[in-house]
Amino acid sequence: MNILFLSPEAVPFAKTGGLGDVAGSLPRALAASEKVTLMIPGYATEEIRGAAAETVDSFLLPGEGSPQVAVVRKATLSAGLSVVFIHNQELFGRAGLYGDDAGDYPDNFTRFLFFQRAALQFIARKGLHFDIVHANDWQTALFPLLMRMAPVSEPLRRARSVFSIHNLGFQGIFPAAAFHESGLPEHLFSPEALEFYGDLNCLKAGIIFADRLVTVSPNYAREILTPEKGFGLDGLLRKHAHKLLGILNGVDYGQWDPRRDPFIARPYPPETTAAKRENKAALLAELGLSAPAGTPLLAMISRLSQQKGIDLLPRLLPRLFQQDALFVLLGKGDRSLTNDMEALAARFPERMRFLNAFDEKAAHRLQAAADILFMPSVYEPCGLNQIYAMRYGAAPVVRATGGLEDSVVEFDPASGQGTGFKFSGNDLDGIMAAVQKALTAHADPGTWDRIQKNAMAMDFSWEKTVLRYLDLYKKSLSEDAQHV
Ligand code: ADP
């Protein structure tokens, strides 16, 4: 199969969260047996600028006001895998992917419509052939629609489209005017298509027009069909539920492996967690935290957003700190949550550190140092940090939602089975009870060793998961394409 994988971000070129990891690793896994082209916008990141890519095309697209130039660069990553960057200095030559400290870029609709149109134009100009087009999140959600629209659609006429929802909370909602200025056919601005209570909703295009839908865990695939977790699209998703599948994300253990992690103080194999203590000591020294050996270190690595349950911390941490425990938060995002976290860390200078950064290296070091990874997300489509944590021998304490529920097994002291601890609901006592279970287990070296070994033995590699995608692609190729 010839697969086009469209994403607004992909490791190692550009990343703001889990989609970056997935778009970096799934195409690579697919490329073991198929021919895969990854396409992302040509942002101004070092990794994109420095990629060994050659310019393969350049052309004008009608833009707002005057036509805009698209410059296309391409690099070969491995035998079956190439990456294509769509550049436009004005739209993508910026510091952020989707925004900066002032918030989202106001022209995000224009930026990602340009990306998708340029991708299509490039395919048409070069007569490229694909069997499967796999688009991801709202930034590429219009593609399954655009690829069915004449005249540029010819090379993709027989292709099937798959659309992945990595987070239903981000729908790409813009004022109606954005739609009317876009040149898209006016009849598409209706509640049956792209209109959403008077606005434009990009995600709807992917849901309605893709041949198949995927979301990133089986549990989240069920949750998004409910009013509680459906973000206003549960009705539409129920209508298209027959083409929806939940596949738990895999991870790239090439990037996340404590045995050979270049970022951590002391690499360690799964058989011995003793070296993990050295990583912990090194990190604590670096952060100027001191505590008796054996003091549990809890960590969070997260976007600072309501979704991640950050607002719990000002109520939870004072209770946690009634006993011996340390807490390190690595996070960047929402300004008011940032202020709250700074205030909280200032209140507990001997117990807590708040690293206000998006720092890949720090994320690895924290995973290697932590005893417990805390993920109280309000909702979590898949979640990757708990999966990385397990491989690094840190036990996840998570809310039983979305992919957290699917990937973490509650530890059962009787059988010695399980990899972490889970809670449901918002009641602080209930959440603290789950944390307490983890602390109690941590205080008993035999029990903790067992949990660590169980967690480190879990295998979420793409090798198995990729077969589910291949199966899905093959099934969709055997069906009729949707007609727009
Ligand atoms: P989401 O995609 O909702 O942000 P995931 O848990 O699926 O959440 O993925 C988050 C990814 O982003 C992980 O690879 C994690 O290590 C990374 N990450 C999140 N916040 C930071 C940060 N402040 N610094 C470095 N990496 C981060």
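When residues in the stretch 383-406 are screened for being within 11 Å of the ligand (Cβ to nearest atom) and part of a helix (DSSP H, G or I), 8 of them pass. Taking the criterion of being over 17 Å from ALA124 (Cβ atoms) and not in a loop (DSSP other than H, G, I, E, B), the residues of the stretch 40-67 that qualify are ILE40, PRO41, GLU46, GLU47, ILE48, ARG49, GLU54, THR55.
Restricting attention to the stretch 84-108 and to residues that are in a loop (DSSP other than H, G, I, E, B) and acidic (Asp, Glu), the residue that is least open to solvent (accessible area, probe 1.4 Å) turns out to be ASP107.
Inside the stretch 259-288, residues that are in the same structural domain as LEU373 (by TED's automatic domain parsing), of a type in the set (Gly, Ala, Ser) and closer than 13 Å to HIS364 by Cβ make up a count of 1. Selection of the stretch 200-238 for residues being more than 19 Å from the chain's Cα centre (by Cα) and of a type in the set (Asp, Glu) yields ASP211, GLU228, ASP234.
Test ASN279 against the stated conditions and say whether it is over 23 Å from ARG450 (Cβ atoms), open to solvent by less than 30 Å² (accessible area, probe 1.4 Å) and either in contact with a helix residue (DSSP H, G or I) (Cβ under 7 Å, 6 or more places away or on another chain) or at pLDDT 95 or above (or both). No. Scan the stretch 208-245 for residues that are in contact with a Pro (Cβ under 6 Å, 6 or more places away or on another chain) and either assigned to a loop (DSSP other than H, G, I, E, B) or in contact (Cβ under 8 Å) with a residue 60 or more places away in the chain (or both) and the total you get is 4. Taking each residue of the stretch 27-50 that is in contact (Cβ under 8 Å) with a residue 40 or more places away in the chain and looking for partners that are among the hydroxyl-bearing types (Ser, Thr, Tyr) and assigned to a strand (DSSP E or B) with beta-carbon atoms closer than 8 Å, six or more apart or interchain, yields ARG28/SER78; ALA31/SER78; VAL36/SER82; THR37/SER82; LEU38/SER82. Inspect the stretch 420-443 for any residue being crowded, with 23+ Cβ neighbours inside 10 Å, in contact (Cβ under 8 Å) with a residue 12 or more places away in the chain, within 16 Å of the ligand (Cβ to nearest atom) and not acidic (Asp, Glu) and give the result as yes or no. The answer is yes; a qualifying residue exists.
Scanning the stretch 259-309 for residues that are over 23 Å from LEU439 (Cα atoms) and within 16 Å of the ligand (Cβ to nearest atom) returns ASP261, PRO262, PHE263, ILE264, GLU286, ARG303, LEU304, SER305, GLN306, GLN307. As a summary of the residue check, GLU350 satisfies the conditions (1) open to solvent by less than 50 Å² (accessible area, probe 1.4 Å); (2) away from the ligand (no atom under 12 Å from the Cβ) except for the one numbered (1). Close Cβ contacts (under 8 Å, 6 or more residues apart or on different chains) running from residues in the stretch 64-89 that are at negative phi to residues that are outside any strand (DSSP E or B) and surrounded by fewer than 17 Cβ atoms within 10 Å (Cβ to Cβ) comprise GLU64/GLU181; GLN68/PRO62; GLN68/GLU90; ALA75/ALA52; GLY80/ALA32; GLY80/SER33; HIS87/GLY93. In the set ALA32, ALA14, ALA53, ALA44, only one residue is within 16 Å of the ligand (Cβ to nearest atom) and at pLDDT 95 or above; that residue is ALA14.
The values are calculated or read from the model by the stated rules, or taken from the named source; none is laboratory data. Predicted model, so just to flag it, every value in this text is computed and none were measured. Methodologically, a virtual Cβ is constructed for each residue, glycine included, from the backbone with ideal geometry; neighbour enumeration extends over all protein chains shown. These area figures cover heavy atoms from the full protein model, side chains too; ligands, DNA and RNA do not enter into them. Shrake-Rupley method; radii C 1.70, N 1.55, O 1.52, S 1.80 Å.
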